[in-house]
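What follows is a set of notes on a single structure, which appears directly below.
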Amino acid sequence: MNIKGTYEIIQHNIRVSKLAEKVAYSMGLDEETCQSVAVSGLFIDMGKLSMDNEVFGNSRDLTNDEYEYVKQHTTKSTQMLIQASHVSNEVLSSIMHHHENYDGSGYPDKLKGELIPLGARILKICDVFYALLEKRPFREDYSKKEAILIMSKEAEKFDPKIMTVFKEVVSTTRINF
């Protein structure tokens, strides 16, 4: 991973972490859970740092093999943190499952609904939101309004209760880049 890619991943994770923490607090979750969600957000894409930068910088659609490779970042992130001491299972499971879709179509385990850890469901929404706001090699960035509209069209992928809180939070939060 080159320095620019590393910086972009770190910036993305910080944004996701801050927003996920706001959503968790707005849901009325306890302090420990909110902090766990925030910590998880900081590390969701850490596994990408050990992966081939060329795949992440493509300006074309990924091949099936490339997509399968990219999907490994959740496992790599989790494995890297397992090697660190004192990382909670809640943090590890939130990171591992932040690409699960509420309808069961996500990865790595195709978990569905409330079988997806709560932290992962919060992170999923915040991660997708910021991914849409960020310019990518294969597309331009979207506005906050456009991102929410796109996410609303794919509502089956997100926990509906968390989406309601998320929309309230982003409607009252200044989104900085």
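A short reminder: the numbers here are calculations on the coordinates, not readings from a lab. Keep in mind that this is a model prediction, so the values were computed, not measured. Here the Cβ positions follow ideal geometry from the backbone for every residue, glycine too, while neighbour counts run over all protein chains shown.
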Subject >> Anisotropy class of segment 36-133 from Cα gyration tensor, a/c 1.5 cut >> reply: oblate
Original post:
What ³J(HN,Hα) values, in whole Hz, does the Karplus curve 6.51 cos²θ - 1.76 cosθ + 1.60 give for segment 28-44 when θ = phi - 60°, with x put for Gly and Pro?
Top reply: x, 6, 5, 3, 4, 5, 4, 5, 4, 5, 4, 5, 4, x, 5, 10, 4
**OP:** Please report Thr164, Thr33, Thr74 as a ranked list, fewest other C-beta atoms within 10 angstrom at the top and most at the bottom.
**Re:** Thr164, Thr33, Thr74
